[in-house]
Amino acid sequence: MKIISVANQKGGCGKTTTAINLASALSQNGQKVLLFDLDPQAHASLGLDIESQDSIYNVISKLTPRKLKIENIIRRVENSFDLVPSNVLVGTLEQELSDEIGRELKLREAIEPLNDRYDYVIIDCPPSLGILTVNAIRVSDELIIPVETSRFSMQGVDHLTDIVNLVKDRLNHEVKCRILVTMFDSRLRHSFAMLSTFKERFEKIMFDTIIHINVKLKESAVMGKTVSAYDKYCRGSKDYFSLAKELILLDRLDREKSEEKDQAREEIAEAPREVVRDEVRRENRIERTETTKSEELISEDALAPMSEQMQDIVRKEMVGLSKIRFSINAPEAKSVYVTGSFNDWSLDDTCRMHEKDGTWEAEIPLKPGLYKYQFIVDGVWKEDPKNARKERNSFGDINSLIEVSAGDQQAAG
């Protein structure tokens with residue numbers, strides 16, 4: 001179960017909108033999701049048309065006359081999408097917990113009984129940096145910071161990262177931060193200028209997906225629905241669906257890297273140690289240096305057979321594949337991807353395109369078959385303008401089609 005907090009003390013940045021619609025989009029991607037409304041204003045609960053006299057206050061508080069378990073307050077929103085609602089009493093927890101021992105761990109204790117019941121828990125944090133937000137960060141694996149393209153949002157990111165570092169230093173809990181650009185108005189030159197500034201400073205922790213300004217996002221909240229339930233064909237719905245796909249992919253890549261590291265450590269631990277020291281070094285500095293060098297040699301020896309096996313696997317996989325070159329003319333674009341049914345509509349470095357003289361290109365090895373695809377230009381999904389073969393998809397926009405035959409070396413776009 002992965003726990004993600006959505007936080008920003010600056011109002012009007014799309015925090016609650018992101019929490020609601022990301023949770024919904026994750027559930028549409030086959031994930032079991034719990035949305036946790038930790039905001040005393042209860043905007044996430046109201047945005048889903050759910051009002052409740054019970055909240056996390058009844059689970060954590062020692063003063064409440066109505067003590068409940070967290071399982072008793074969960075409400076169903078959509079298939080595979082549940083909600084822990086909030087109400088105004090949640091705000092009193094800040095004062096009640098101020099003198100409690102272990103006050104930063106109260107939310108973790110409350111969530112523990114839900115372990116393995118959900119794939120994702122999304123926490124909509126209060127618009128402040130108080131005890132409740134610290135509790136959310138302490139229990140989370142990841143922190144999503146939604147930002148609009150303004151200077152004030154950049155300052156808000158700095159304040160939140162200070163809190164994250166404080167939690168890391170004092171509570172010994174490390175949280176990965178990711179920045180999500182929201183409410184992006186592609187009609188304004190200022191938006192692109194600020195986006196460029198954000199990328200220069202935070203590129204390594206920014207989502208590639210951008211949430212564009214869309215009136216349907218506001219209308220859906222007024223109607224008490226997720227944007228996909230309100231209008232699944234609108235840009236807001238597609239943006240959050242793309243964000244969910246990107247998040248799932250990033251989590252999958254992180255798990256694979258972690259598993260590879262664990263496997264490498266096991267093989268290194270089992271490798272024979274052939275370095276024998278003739279005498280004991282008197283200086284600890286020299287001994288540490290020698291140990292480091294020997295470990296490096298062992299690592300290379302242990303990993304050498306693995307790379308040969310990987311080479312054999314790659315050679316076998318490459319048999320029958322054809323290199324297909326995708327291209328699109330987008331001289332003003334900052335980043336372009338090609339994605340489709342050949343990679344389960346994922347976003348990663350294998351489908352990142354490279355620019356030359358305003359044209360973005362990528363070569364992707366494909367097996368024979370018929371594939372659907374689109375380009376993602378600065379977060380905007382686009383059909384291939386040079387490909388006449390198209391079909392309308394369930395979102396109401398257009399997929400381009402390409403058919404690959406054995407031995408093909410063709411170009412798309």
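The values are calculated or read from the model by the stated rules, or taken from the named source; none is laboratory data. The structure presented is a predicted model; accordingly, all values stated were derived computationally and were not measured. Note that we place each Cβ from the backbone using ideal geometry, even for glycine, and neighbour counts take in every protein chain shown.
Looking at ILE3, ILE20, which is the one that is outside any helix (DSSP H, G or I) and under 17 Å from the mean Cα position of the chain (by Cα)?
Details: ILE20 fails: outside any helix (DSSP H, G or I).
Criteria check complete, one pass: ILE3.
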May I ask you to say which residue of ASN387, ASN343, ASN393, ASN329 is outside the structural domain of SER237 (by TED's automatic domain parsing), modelled with pLDDT of 80 or more, within 25 Å of GLY236 (Cβ to Cβ) and not small (Gly, Ala, Ser)? ASN343
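Search segment 146-164 for residues being in contact with a helix residue (DSSP H, G or I) (Cβ under 8 Å, 6 or more places away or on another chain) and assigned to a helix (DSSP H, G or I), and hand back the single one that is surrounded by the most Cβ atoms within 10 Å (Cβ to Cβ).
Filtering segment 146-164 down to residues in contact with a helix residue (DSSP H, G or I) (Cβ under 8 Å, 6 or more places away or on another chain) leaves 146-147, 149-151, 154, 157, 163-164.
Those left that are additionally assigned to a helix (DSSP H, G or I): 151, 154, 157, 163-164.
Working: ARG151: 8, MET154: 17, VAL157: 19, ILE163: 17, VAL164: 21.
The residue in question is VAL164.
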Kindly indicate whether ARG108 is basic (Lys, Arg), modelled with pLDDT under 90 and farther than 18 Å from ALA19 by Cα. no
Among the residues of segment 180-193, the number that are closer than 20 Å to LEU217 by Cβ and either among the charged types (D, E, K, R) or part of a helix (DSSP H, G or I) (or both) is 3
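I need a count of the residues in segment 111-129 that are assigned to a loop (DSSP other than H, G, I, E, B) and in contact with an Asp or Glu (Cβ under 6 Å, 6 or more places away or on another chain). Quick ask: steps written out before the conclusion?
Quick first cut of segment 111-129, residues assigned to a loop (DSSP other than H, G, I, E, B) only: 115-119, 125-129.
Restricting the remaining residues to those that are in contact with an Asp or Glu (Cβ under 6 Å, 6 or more places away or on another chain) gives 126.
Total satisfying the criteria: 1.
For every residue, the table says whether it meets (1) modelled with pLDDT of 90 or more; (2) within 20 Å of THR209 (Cβ to Cβ).
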position: ASP231; (1), (2): yes, yes
position: GLY236; (1), (2): yes, yes
position: ASP251; (1), (2): no, yes
position: GLU259; (1), (2): no, no
position: PRO272; (1), (2): no, no
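Sort through PHE81, PHE152 and tell me the only one that's aromatic (Phe, Trp, Tyr) and modelled with pLDDT under 90.
Within the list PHE81, PHE152, the selection yields PHE152.
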Taking interchain pairs and intrachain pairs at least six residues apart, which have beta carbon atoms under 7 angstrom, with the first residue in segment 241-258 and farther than 25 Å from THR17 by Cα and the second surrounded by fewer than 20 Cβ atoms within 10 Å (Cβ to Cβ)? LEU253/ASP348
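Here are some residues: LEU83, LEU143, LEU132, LEU46. Which one is surrounded by 23 or more Cβ atoms within 10 Å (Cβ to Cβ), hydrophobic (A, V, I, L, M, F, W, C) and in a helix (DSSP H, G or I)?
Of LEU83, LEU143, LEU132, LEU46, the one residue that is surrounded by 23 or more Cβ atoms within 10 Å (Cβ to Cβ), hydrophobic (A, V, I, L, M, F, W, C) and in a helix (DSSP H, G or I) is LEU132.
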Taking the condition of being aliphatic (A, V, I, L, M), under 24 Å from LEU48 (Cβ atoms) and surrounded by fewer than 18 Cβ atoms within 10 Å (Cβ to Cβ), how many residues in segment 90-118 meet it? 0
Can ASP124 be described as at pLDDT below 85, in the same structural domain as MET206 (by TED's automatic domain parsing), under 21 Å from the mean Cα position of the chain (by Cα) and not hydroxyl-bearing (Ser, Thr, Tyr)? no
